[in-house]
Amino acid sequence: MKIMVKFDDHFKTIQNFKSNVSMKKLLSLAVICIPLISFAQSNKEDIDLIQSIYGKEKKTIVAEFIKLEGAPKDAFWKLYDEYETKRKALGHKRVALLEKYANSYATIDEATTSQIINETISLAAETDKLLATYHKKIEKACGAKPAAQFYQLEAYLLSAIRTKILEGIPFIGELK
């Protein structure tokens with residue numbers, strides 16, 4: 001029974017954090033950025049600016065959620081910055097893939113459909129692998145709790161962004 005109470009308390013803490021104004025602000029920013037990225041048409045400077053704004057807001061939220069002191073704090077932020085650099089590179093790939101989809105949508109054929117879906121699957125796997133890799137690195141450097149918090153927060157944001165992207169693009173064959 002104590003375990004369930006503790007789980008319920010923890011769940012409520014996470015729910016409170018998710019409903020926090022900062023989290024809403026970050027997700028709103030992500031939702032705004034996704035259409036802007038689509039219109040950026042591979043303009044690397046525009047994409048970099050959008051990612052920079054999102055990254056700064058996100059870092060503030062991470063700092064509010066994951067509280068560390070001393071050497072673990074320094075180790076965490078070093079690893080987090082490495083992770084963000086790699087995550088942003090994958091973000092550029094995601095934008096390129098979305099543009100490819102948008103540019104070929106009206107005339108999409110079997111080969112292009114297969115290629116886009118295979119690239120989407122590969123990119124999702126690469127993103128998930130990056131998150132798992134940095135979870136392990138953070139756990140080794142900082143402990144299980146901050147690593148789990150990092151993973152939960154990143155997985156939550158990643159899922160929200162993936163959902164918004166999927167909501168914002170038509171299914172193959174949907175538009176005639």
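The values are calculated or read from the model by the stated rules, or taken from the named source; none is laboratory data. From a predicted model like this one, the values you see are computed outputs, not experimental measurements. Virtual Cβ from ideal backbone geometry, glycine too; neighbours counted across all protein chains shown. Note: accessible area is taken over every heavy atom of the protein model, side chains too, but ligands, DNA and RNA are not part of it. Shrake-Rupley method; radii C 1.70, N 1.55, O 1.52, S 1.80 Å.
Could you tell me how many of the residues in the stretch 107-125 are among the hydrophobic types (A, V, I, L, M, F, W, C) and either in contact (Cβ under 8 Å) with a residue 60 or more places away in the chain or not in a helix (DSSP H, G or I) (or both)?
So the answer is 1.
I'd like the residue in the stretch 149-166 that is aliphatic (A, V, I, L, M) and open to solvent by less than 40 Å² (accessible area, probe 1.4 Å) and, out of all such residues, is nearest to L97 (Cα to Cα).
Applying the filter and picking the extreme gives I165.
Does the stretch 82-105 contain any residue that is acidic (D, E) and outside any helix (DSSP H, G or I)?
Within the stretch 82-105, not a single residue is acidic (D, E) and outside any helix (DSSP H, G or I).
When the residues of the stretch 75-105 are filtered to those that are over 22 Å from T133 (Cα atoms) and in contact (Cβ under 8 Å) with a residue 60 or more places away in the chain, which remaining residue is most open to solvent (accessible area, probe 1.4 Å)?
Checking each candidate, the answer is A102.
Quick one: in the stretch 124-148, which of the residues that are under 30 Å from A71 (Cβ atoms) and open to solvent by 70 Å² or more (accessible area, probe 1.4 Å) is nearest to the chain's Cα centre (by Cα)?
Ranking the qualifying residues of the stretch 124-148, first place goes to D128.
When you look at E119, is it modelled with pLDDT of 95 or more, crowded, with 16+ Cβ neighbours inside 10 Å and under 22 Å from H92 (Cβ atoms), yes or no?
Taking the combined requirement at face value, the residue satisfies it.
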